[in-house]
Amino acid sequence: MSKRTATYASGDSGVSEGVIDPVSLGKPSRASAAQPGEPLLVVEDLRVQFTRGGRKINAVNGLSYELTPGSMMAIIGESGSGKSVSSRALMGLLPPTAKITGSVRFEGRELIGMPERDMRALRGGDIAMVFQDPARSLNPTMKIGAQITEAVKLHSDLDKKGAHARAVELLKLVRLPAAERRFHEYPHQLSGGMRQRVMIAIALAGEPRLLIADEATTALDVTTQAQIMELLVELQQRLGMAVIMISHDLGLAASYAQDVVVMYAGRAVEHAPTGTLFANVRMPYTHALLGAIPALDREPHSLFEVTPGQPPDLSALPKGCPFRPRCPNATDKCLDDPPLTEHEPEHWWACWHPVGSGLGNDPGPRAGTGPLDPAVAADDPGLADGPDEAAGPGRHHTPNGEQR
Amino acid sequence: MTATATTPRVPADSRGPRASRVGRVTGSPVLRLVVKRLLMAIPIMLGVTVLTFWVLSLIPGNAAQQLLGPEATPEDIALLEQQLGLDKPGVVRYLEWLQGAVTGDLGQSIVSRQPVSEILSQRLPVTGEIVLLAFVVSLVLAIPVALLAAHKPDGVMDRISMVVSTLGLSVANYVLALLLVLVFAVTLGWLPAIGFVPLEDGLWPNLRSMILPSAAIGLPLFCFYTRFLRGDLVDQMQQEEYVTTARAKGVGSWSVLIKHAFRNSSFGLITIVGLNLGALIGGTVIIEQIFALPGIGQMLLQAINTRDFVVVQAAVVIFALVAVLANLIVDLLYAVLDPRIRYGSS
Ligand SMILES: Nc1ncnc2c1ncn2[C@@H]1O[C@H](COP(=O)(O)OP(=O)(O)OP(=O)(O)O)[C@@H](O)[C@H]1O
Ligand code: SF4
Ligand SMILES: [Mg+2]
């Protein structure tokens, strides 16, 4: 590594070429403010409402989930289910027209209603985000080096030289070939995969403890997609940061995430460790999602559009369970809102008549069927163990936040 | 947010042709651009001068008649026509003029016998000063106002700037000129109503004589630039994903606006300013008339009235040249400022 490293890497010049020691990545590793075993992020009854042309669009409707520090969690759901809006809401990135209520606690600090000043320090600092389209996410008129350095300077006390060195180091960390040269290039000179690496480098500049990747690989070809996912997993493990990967792609979620949250109509309808979820799907919507995907000839990036029926109109949600109009199991009971409840250890769902309960037109449990055979899923080291935090049974988030 | 963000808005596209023109082929791409543009100017110049000549020949009367007045006898007129060379066929006269023009000799005024180059050296600085003042002042004011307005769309600043710019754009510049004269010259008496004071008579007297004409041209420009830039900035801020990236990095709202959005909006602004320049020069004709300023515009009007085709041609050549140069400068600025073009990739 260049001499420059020594100027800021706390005197640790023993770092060898190539793999970068995470410790040298900057400030001494910060102890989490939260208690051990505490979730890093607790989203509770998050609601986001837009008003557009006099219509109220309920993009997020009582979303609740928890995220274990250092873990990788996938949020999946149909287009329009509120994945992007909810994650932007917790970073304070929504336009002022968005009405946000509910609670998001990050390491115990409430983010909703946090003053912009504090929020700004958090953004790109403790929480960072990578977006879907790397072609549009970088400023076309700025050199990539300047774009990374800007982030570095915002979240450290490094001077110009130090920030430069740090930025190059970040580019090496995300395995950008010829980092020193690329530093002086513009986004249009890079390929899609390289741009997304730059985006990740920018996101890592503040040493985040939470990285939100909003369909970060959707715009990339399959090979590059796999490379970027591998990189994210590696960084997650090496830097001990938590990752929320937002995806359309159940297969991608199954291969890389430890936990999966399934969103429907702006709320979480099922949430479990990946292995548990795919072995034992309970929420009819998740079931339909899996059934909608033919195992082999599925397009890698296809949307779940084959689920029968339409996603609900967010400005006129049905009474009770939002999936009711499309649900084969629906009964009158479903006119009541089903709470998201931890029915089995670590397995939460929001449904009165889950798959396998023998009610309604229950198609029966689909364990072991479909593209995501648990035997296959278990082969993936990422799936082998769920979060070590054991959840007490019977916990639940109700859609309107009251305890039941 | 994502709903609108997915609408593709590809600013590079609109500059696509430029990008390919400025390839990094042989030598300096900038030099190639300059040469290319100047070569392109040749047919443009030929076209406008031929057209001007033809249109002038359609207007009844010629310089000889104008010089001698309505009382002149046909014999006198014929004699003077002969002396002035107006008896030759139009094609010959044009070619004679062209022959001189390509060697840099724009000839002499048929009416005053003064060499055109001398006339231009007196008149160009006047028009140039008005235009320059109008441009600089309108841009210097428009940029901060647009930034303030775009920082909080629909905020107080935005609303005020919207009202002012709508008003400014809906008033024709000669009406504005008369209003300005009425208020600042007639009623308040702060500034001269008409006339030009050359720079040699002192900077302040010169500026005083230029303030109203420049304002009459610059105010609508200011309104136009403000509207354009504000709109483009708001588009960038609301629709461009790189803005979200910047905000997600923790960049403050003003920095996002100035360092990121404005940087991108400035390309559009440069284009607008460049395109404006050609039209603007034409707009000075009426303003110079109102304020009795001895500029190119006034010269053109007088020359048309006296059918002094040599001087008319000179004015037309100047106007066309300015338009060509303005375009060239815009392209050069792009080449220098926009990395996507500088590196010759799309
Ligand atoms: N600024 C906004 N104003 C009004 N409605 C919005 C706005 N941003 C998002 N929405 C709406 O909120 C809903 C949820 O959008 P969101 O982008 O979160 O969906 P998503 O799950 O990320 O979908 P995708 O998979 O297509 O990215 C959509 O119906 C969208 O139209
Ligand atoms: S069974 Fe009822 S509660 Fe469960 S998903 Fe269907 S409609 Fe909703
Ligand atoms: Mg999205």
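Numerical summary
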{"read-out": "Enumeration of residues in segment A:82-101 that are of a type in the set (A, V, I, L, M, F, W, C) and either under 19 Å from B:Met237 (Cα atoms) or outside any helix (DSSP H, G or I) (or both)", "value": "A:Val85, A:Ala89, A:Met91, A:Leu93, A:Leu94, A:Ala98, A:Ile100"}
{"read-out": "Qualifying residue in segment A:73-88 (condition: more than 8 Å from ligand 1 (Cβ to nearest atom) and open to solvent by 40 Å² or more (accessible area, probe 1.4 Å))", "value": "no"}
{"read-out": "Residues of segment A:61-81 satisfying the condition of being in a strand (DSSP E or B) and among the small types (Gly, Ala, Ser)", "value": "A:Gly62, A:Ser64, A:Ala74"}
{"read-out": "Positions within segment B:110-139 being among the basic types (Lys, Arg) and surrounded by fewer than 18 Cβ atoms within 10 Å (Cβ to Cβ), in sequence order", "value": "B:Arg113"}
{"read-out": "Residue in segment B:207-222 that is open to solvent by 60 Å² or more (accessible area, probe 1.4 Å), more than 25 Å from B:Val285 (Cβ to Cβ) and free of Cβ contacts under 8 Å to residues at least 24 places away in the same chain present", "value": "no"}
{"read-out": "Residues being in contact (Cβ under 8 Å) with a residue 40 or more places away in the chain and either within 16 Å of ligand 1 (Cβ to nearest atom) or among the small types (Gly, Ala, Ser) (or both) - total across segment A:306-338", "value": "8"}
{"read-out": "Segment B:48-75, residues that are more than 18 Å from B:Ala303 (Cβ to Cβ) and open to solvent by less than 80 Å² (accessible area, probe 1.4 Å)", "value": "B:Ala72, B:Thr73"}
{"read-out": "Yes/no for A:Gln189 being of a type in the set (S, T, N, Q), modelled with pLDDT of 90 or more, open to solvent by less than 20 Å² (accessible area, probe 1.4 Å) and out of contact with any strand residue (DSSP E or B) (no Cβ under 7 Å at 6 or more places or on another chain)", "value": "no"}
{"read-out": "Condition check for A:Gln132: more than 16 Å from ligand 1 (Cβ to nearest atom), under 26 Å from A:Lys83 (Cβ atoms) and within 13 Å of chain B (Cβ to nearest Cβ)", "value": "no"}
{"read-out": "Residue within segment A:140-160 that is over 13 Å from A:Val198 (Cβ atoms) and in contact with a strand residue (DSSP E or B) (Cβ under 7 Å, 6 or more places away or on another chain) present", "value": "no"}
{"read-out": "Test for A:Arg181: is it part of a helix (DSSP H, G or I) and open to solvent by 10 Å² or more (accessible area, probe 1.4 Å)", "value": "yes"}
{"read-out": "Selected residue (criterion: farthest from the chain's Cα centre (by Cα)) from residues of segment B:229-253 that are in contact (Cβ under 8 Å) with a residue 60 or more places away in the chain and farther than 20 Å from A:Arg88 by Cα", "value": "B:Leu233"}
{"read-out": "Residue in segment B:263-283 that is within 26 Å of A:Ser156 (Cα to Cα) and either among the β-branched types (Val, Ile, Thr) or within 13 Å of chain A (Cβ to nearest Cβ) (or both) present", "value": "yes"}
{"read-out": "Residues located in segment A:226-235, provided they are open to solvent by 10 Å² or more (accessible area, probe 1.4 Å) and either in contact (Cβ under 8 Å) with a residue 24 or more places away in the chain or charged (D, E, K, R) (or both)", "value": "A:Gln227, A:Glu230, A:Val233, A:Glu234"}
{"read-out": "Residue under evaluation A:Val104, criteria (1) assigned to a loop (DSSP other than H, G, I, E, B); (2) in contact (Cβ under 8 Å) with a residue 60 or more places away in the chain, criterion not met", "value": "(1)"}
{"read-out": "Test result for A:Gly162, more than 14 Å from chain B (Cβ to nearest Cβ), in a loop (DSSP other than H, G, I, E, B) and either more than 16 Å from ligand 1 (Cβ to nearest atom) or open to solvent by less than 40 Å² (accessible area, probe 1.4 Å) (or both)", "value": "no"}
{"read-out": "Selection status of A:Arg182, charged (D, E, K, R) and within 11 Å of chain B (Cβ to nearest Cβ)", "value": "no"}
{"read-out": "All positions within segment A:196-219 that are of a type in the set (Asp, Glu) and either within 16 Å of ligand 1 (Cβ to nearest atom) or surrounded by 23 or more Cβ atoms within 10 Å (Cβ to Cβ) (or both)", "value": "A:Asp214, A:Glu215"}
{"read-out": "Residues that are in a helix (DSSP H, G or I) and facing chain A (nearest Cβ under 7 Å), drawn from segment B:247-256", "value": "B:Arg247, B:Ala248, B:Lys249"}
{"read-out": "Some residue of segment A:122-134 being free of Cβ contacts under 8 Å to residues at least 12 places away in the same chain and more than 16 Å from ligand 2 (Cβ to nearest atom)", "value": "no"}
{"read-out": "Among (1) farther than 30 Å from B:Gly85 by Cβ; (2) charged (D, E, K, R); (3) not in a loop (DSSP other than H, G, I, E, B) - the single one B:Asp154 does not satisfy", "value": "(3)"}
{"read-out": "Qualifying residue in segment A:111-122 (condition: in a helix (DSSP H, G or I), open to solvent by less than 10 Å² (accessible area, probe 1.4 Å) and either within 8 Å of chain B (Cβ to nearest Cβ) or modelled with pLDDT of 95 or more (or both))", "value": "yes"}
{"read-out": "The lone exception for B:Val322 - which of (1) in a helix (DSSP H, G or I); (2) modelled with pLDDT of 90 or more it fails", "value": "(2)"}
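The values are calculated or read from the model by the stated rules, or taken from the named source; none is laboratory data. Since this is a predicted model, take the numbers as computed values, not measurements. Reconstructed Cβ throughout: ideal geometry from the backbone, glycine too, with neighbour counts over all protein chains shown. For the accessible areas, the whole protein counts, side chains as well, though only heavy atoms, and no ligand, DNA or RNA atoms are used. Shrake-Rupley method; radii C 1.70, N 1.55, O 1.52, S 1.80 Å.
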